[in-house]
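The values are calculated or read from the model by the stated rules, or taken from the named source; none is laboratory data. Please read all numbers here as calculations on a predicted model, not as lab measurements. Glycine gets a Cβ as well: all are built from the backbone with ideal geometry, and neighbour counts include every protein chain shown.
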Amino acid sequence: MRLEYYFLALILTLVIELSIAYISGFRTKKCIITIFLVNIITHPLLCYFLWINSVISIIPVNYFSIVVLEILVALLESVLLFFSLKQKYLNMLRLSLYINITSFVFGLLMFNNSF
């Protein structure tokens, strides 16, 4: 992924996921900052893994593998949110799945990726 596309993807992810979290009722300053920071951690990790994968082919890249990776990211984010925000894990899991599915679908629509 070219660097300018990475930053565009990061900014769009943050805007979409923070907006969905806000709409979903996570409106406190602590919630917004935490969700922002969690995304600043997980987004580069996923992109770095995909970049490494493009060099050494750890897994085949297709819609299935991307969905699996997105689910793993959502699980990691739900755990980070759970420990950071001290809210029920199931609520953090729902939030994480919801915001990640939304940003994933927007990304597919905007970038029209073909893996």
Item to check | So F36, is it in a helix (DSSP H, G or I) and within 13 Å of the chain's Cα centre (by Cα) | outcome: yes
Item to check | Residues satisfying the stated conditions in region 4-33, i.e. outside any loop (DSSP other than H, G, I, E, B) and crowded, with 16+ Cβ neighbours inside 10 Å | outcome: A9, T13, L14, I16, E17, L18, I20, A21, C31
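Just a yes or no: is a residue in region 69-79 exposed (fewer than 12 other Cβ atoms within 10 Å of the Cβ) and small (G, A, S)?
Looking through region 69-79, none of the residues is exposed (fewer than 12 other Cβ atoms within 10 Å of the Cβ) and small (G, A, S).
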Checklist outcome for this item: Filtering region 3-24 for residues that are closer than 21 Å to W51 by Cβ, touching a residue at least 60 places away in the same chain (Cβ under 8 Å) and among the β-branched types (V, I, T) leaves a count of 1
Next on the checklist: Would you confirm, using the coordinates I've provided, whether L72 is within 12 Å of the chain's Cα centre (by Cα), farther than 18 Å from I23 by Cβ and at pLDDT 90 or above?
Outcome noted: yes
Next on the checklist: Here is a check on your reading of the model: is L75 of a type outside the set (D, E), out of contact with any Cys (no Cβ under 9 Å at 6 or more places or on another chain) and under 21 Å from R2 (Cα atoms)?
Outcome noted: no
Checklist entry - In region 93-107, what residues are buried (at least 22 other Cβ atoms within 10 Å of the Cβ), hydrophobic (A, V, I, L, M, F, W, C) and in contact with an Asp or Glu (Cβ under 8 Å, 6 or more places away or on another chain)? => result I99
Item to check | Residues of region 48-65 that turn out to be modelled with pLDDT under 90 and under 20 Å from L10 (Cβ atoms), as a count | outcome: 5
Item to check | Residue list for region 39-71, restricted to those being farther than 19 Å from V105 by Cα and either among the acidic types (D, E) or outside any helix (DSSP H, G or I) (or both) | outcome: S57, I58, I59, P60
